[in-house]
Amino acid sequence: MKLGFVGLGRMGSAMAANLLKAGHEVSVFNRTPGRSAALVALGAREASTLAEICRGDAVISMLADDTAASAVVLADDGLLAHLPVNAIHISMSTISIELSEHLAQAHALAGQRYIAAPVFGRPDMAASAKLFIVTAGDPATIAVCQPLFKAMGQKTVSIGTQPWAANLVKLSGNFLMAAAIEALGEAVALVGKAGIDRSAYIELLTSTVFNLPSYKTYGDLIARSRFEPAAFAAPLGYKDIRLALAAAETLRVPMPVASLLRDRFLRLFAQGGESLDWSAIGGLATKDATDGLNDATPH
């Protein structure tokens, strides 16, 4: 397919690279220049405007938040203004359900197609085309895009016909992962304070009753207090918890654990942890238990 791709962070760059390797024709654009050299070397065409990436069958956006997504799509010179009739916007960003609904309506009024396809996975999974992709929207449009999803991920699951449903699933999944990080942090703080080897403890758990990729990844980071460099920056995790809570408020669903997680992120930021990986909230329990001594301080 002839594609445009906007958003060349660590995730987006890896996803665009896999599309190129799969033989798709890809034009790339990033609002911050200087991130496309490796993709150009793989055969991508670097665009200087959003209009230039809207001349194909579809455009994929992989952007940090609602503010970035709104600016790219809804601005006077954005995707909405330049996508041809019947062209597809595939939003793979983690955004609010409200914005996803708004984008779906705006694209429909413009005669364009829109689907949501947020992903689960860290940059290493994106690089190896092992993402899990959640799609929602018009089934026929999703079917057209399956070759793209196959190039970027190991499994794609369609969750419904309303695009916002995929965004809600993504937000709820990130809430669960953040809850697991907090629980891991508290458990590691408990055994660590007793003098038990933290890494050995995580190895035991993740090779037996919690033999799950997320527990292995985050448990190891917490046990070693290894929160830099950030694969998923803490402000992005905080953003996702806020969006999950906003959805919960709209749907009248109490989420007391999500409220706790919001406060844990705020505490991390108050202590200067905004540049750390979001798993750094799992280091706060050890810090609480040791007054910041030994290896409790994230580094």
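A short reminder: the numbers here are calculations on the coordinates, not readings from a lab. All values derive from a computational prediction rather than experimental measurement. FYI the Cβ positions are ideal-geometry reconstructions off the backbone, even for glycines, and counts take in every protein chain you see.
A few remarks follow.
- The P(r) of the chain has a tail past 33 Å containing 27 percent of all C-alpha pairs.
- Leu171, Leu79, Leu245, Leu266 arranged by Cβ crowding within 10 Å, fewest neighbours leading: Leu266, Leu245, Leu171, Leu79
- Least to most buried among Lys287, Lys150, Lys155 (fewest other Cβ within 10 Å first): Lys155, Lys150, Lys287
- Note on Tyr218, Tyr201: ascending count of other Cβ atoms within 10 Å places them as Tyr201, Tyr218, the fewest first.
- Mean residue ellipticity at 222 nm, helices only, the chain: -16000 deg cm²/dmol; runs of at least 4 DSSP H residues each add -39,500 (n - 2.57), and the sum is divided by the number of residues.
- For Ala22, the amide hydrogen comes within under 5 Å of no other amide hydrogen, counting only partners 5 or more places away or on other chains and with H modelled in the peptide plane.
- Max-minus-min Cα coordinates of region 49-146 on each principal axis give 35, 29, 27 Å, with the largest extent listed first.
- In a fully extended conformation the segment linking Val157 and Ala108 would gain 15.3 nm over its present Cα-Cα distance, using 0.36 nm per residue.
- Radius, Kirkwood style, for region 123-229 when every pair of distinct Cα atoms is counted (Å): 16.0
- Charge context of Glu186, other residues only, Cβ under 12 angstrom, K/R +1, D/E -1: +1
- Annotation: extensible slack from Gln146 through Ile196 equals 13.2 nm (criterion: 0.36 nm per residue apart, minus Cα-Cα distance).
- The stretch between Phe210 and Thr49, if pulled fully straight at 0.36 nm per residue, gains 53.3 nm over its current Cα-Cα span.
- Amide H contacts under 5 Å for His89, placed H, 5+ residues apart: Val59, Arg113, Tyr114, Ile115
- Around Asp124: net Lys/Arg minus Asp/Glu count, Cβ-Cβ under 14 Å: +2
- Estimated FRET transfer efficiency (Ala81, Lys130; beta-carbon r; R0 35 Å; 0.05): 0.50
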